[in-house]
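Below you'll find the structure, written out as structure tokens, and then a few comments.
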Amino acid sequence: MSYYSRIIGVGSGFPKGVMTNQDFEKFLDTTDEWIRTRTGIETRFIADRSKGETTVSLAELAVQSALKHAGVQGSDIDLIIMGTVTPDTVMPCVANQLQARIGAKRAFTFDLQAACSGFLYAMSIADLYIRSGTVRNALVVGGETLSSVTDYRDRSTCVLFGDGVGAAVLTRSEDDQHRIVATKLYSDGTYGDLLCIPHGYTKVPTYSAEYREDMHKIKMQGGEVFKLATRNMVEASKEILRENKLTTADVDFFIFHQANMRIIDLCMRTLNIPVEKTWLNVAKYGNTSAATLPVCLEEAWKAGKVKPGDLILMATFGGGLTWASSLVRL
Ligand code: UT7
């Protein structure tokens, strides 16, 4: 008998506060027009820590909504994996804290760091546990409070990022018509410096003399990352299709990491995919790193753009560098 992983529920959690492009115009040498035309972003949600909005609290919202959608309880969950680079604390990790909040008493839990690729990395690991028969129900969560590591004096990065979390419930199934078909994960540490947070961890801890607050923020060489993101998401999409003897014509819906409208547009055009076959929300949320794919999936599913039985291709790219693609038969 073969086991498969089926996605049975999705959810998301966002802070209440919205930051518009016009808000940036008030303190930064930028314009709404530049941000919209160069990135496609119009608004992003920003957590207010004084009101208790953190990665854990947003993840709890996402997970509760995914559990409800799936019709399962916290106590049914065997595994929680959280993809994030902005945990509330490193120990306990976010997944531990989620476990406590949702009463997933029998689960084992851990965080993983793969930046924007965190959701697909986490989903791939959960899929392996489920297919091995070790786990029945898994929660795969991805998201951030990137505002906590964003330098609001750096116009080339701060307008891009937003906070939010997405989650999916995976369950063991024997039905090969609704399953995670394949996932491919990639990384290349030689380009790590292109997108990084240099200070604040063990190399330069916050208490050391060399620590600089501005270096505990995201640094990005945007132009280089733009080119690599486009090329690698396209190649990862082609490769997973080729290995599964499929073409873009076999795919019902495509979801690309929401970092920049121009990157998504280039990926779609290079792969010759019409715009109706994708979900776009970068205008509303900005780049929420590991949250973008599950949030797009949730919105597309709940809007009826994808339905059970559809074949979905997802691709992502982020810091590390890491990137990934996945084929899911919903
Ligand atoms: O999630 C991980 C993946 N992340 C990404 O994929 C992000 C990838 N990179 C990008 O999305 C784009 O490279 C950016 C949006 C970051 C930058 O867009 P760009 O078209 O590559 O602009 P650029 O960096 O080449 O900068 C062009 C000009 C520069 O001015 P000069 O040197 O030509 O005078 C920048 O200083 O635009 C300037 N600029 C801005 N101007 C107004 C950069 N940021 C801003 C800004 N407002 N916010």
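Apart from one condition, Thr20 fits all of (1) touching an Asp or Glu at 6+ places or on another chain (Cβ under 8 Å); (2) open to solvent by less than 20 Å² (accessible area, probe 1.4 Å); the exception is (2).
Of the strands (runs of 3 or more DSSP E) lying entirely inside the stretch 1-59, those containing at least 2 residues that are aliphatic (A, V, I, L, M) and more than 16 Å from the ligand (Cβ to nearest atom) span 4-13.
Asn232 meets the conditions (1) within 18 Å of the chain's Cα centre (by Cα); (2) polar (S, T, N, Q); (3) assigned to a loop (DSSP other than H, G, I, E, B) in every case but one. The failed one is (3). The set of residues from the stretch 230-250 being surrounded by fewer than 19 Cβ atoms within 10 Å (Cβ to Cβ) and away from the ligand (no atom under 16 Å from the Cβ) comprises Lys238, Glu239, Arg242, Glu243, Asn244, Lys245, Leu246, Thr247, Thr248, Ala249, Asp250.
Figure legend. Inter-residue proximity from the stretch 109-126: first residues within 12 Å of the ligand (Cβ to nearest atom) and modelled with pLDDT of 95 or more, second residues open to solvent by 20 Å² or more (accessible area, probe 1.4 Å) and among the hydroxyl-bearing types (Ser, Thr, Tyr), beta-carbon distance below 6 Å, spacing 6+ or different chains. Indicated pairs: Ala114/Tyr121.
Rundown of residues vs (1) of a type outside the set (Gly, Ala, Ser); (2) on the phi < 0 side of the Ramachandran plot; (3) within 16 Å of the ligand (Cβ to nearest atom); (4) modelled with pLDDT of 95 or more, yes/no style:
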site: Tyr152; (1), (2), (3), (4): yes, yes, yes, yes
site: Arg155; (1), (2), (3), (4): yes, yes, yes, yes
site: Thr171; (1), (2), (3), (4): yes, yes, no, yes
site: Pro205; (1), (2), (3), (4): yes, yes, no, yes
site: Ser208; (1), (2), (3), (4): no, yes, no, yes
site: Leu228; (1), (2), (3), (4): yes, yes, yes, yes
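Of the strands (runs of 3 or more DSSP E) lying entirely inside the stretch 74-148, those carrying at least 2 residues that are open to solvent by less than 10 Å² (accessible area, probe 1.4 Å) are 79-83, 137-145. Taken together, the residues in the stretch 154-166 that are of a type outside the set (Lys, Arg) and touching a Phe, Trp or Tyr at 6+ places or on another chain (Cβ under 9 Å) amount to 7.
Would the stretch 192-214 turn up any residue that is touching a strand residue (DSSP E or B) at 6+ places or on another chain (Cβ under 6 Å) and aliphatic (A, V, I, L, M)? Checked the stretch 192-214: at least one residue is touching a strand residue (DSSP E or B) at 6+ places or on another chain (Cβ under 6 Å) and aliphatic (A, V, I, L, M). Evaluated against (1) part of a strand (DSSP E or B); (2) more than 16 Å from the ligand (Cβ to nearest atom), Ala62 falls short on exactly one condition, (1). Is it the case, given these coordinates, that Val181 is of a type outside the set (Ser, Thr, Tyr), touching a Lys or Arg at 6+ places or on another chain (Cβ under 7 Å) and closer than 25 Å to Cys296 by Cβ? In short, yes.
The single condition among (1) in contact with a Pro (Cβ under 6 Å, 6 or more places away or on another chain); (2) surrounded by fewer than 20 Cβ atoms within 10 Å (Cβ to Cβ); (3) not charged (D, E, K, R) that Gly166 does not satisfy is (2).
Among the residues of the stretch 100-142, the ones that are aliphatic (A, V, I, L, M) and farther than 25 Å from Thr288 by Cα come to 5 in all.
The values are calculated or read from the model by the stated rules, or taken from the named source; none is laboratory data. These numbers come from a predicted model, not from an experiment. No Cβ is skipped: glycine too gets one built from the backbone with ideal geometry, and neighbour counts run over all protein chains shown. Quick note on the areas: whole protein, heavy atoms, side chains included, nothing else; ligands and nucleic acids left out. Shrake-Rupley method; radii C 1.70, N 1.55, O 1.52, S 1.80 Å.
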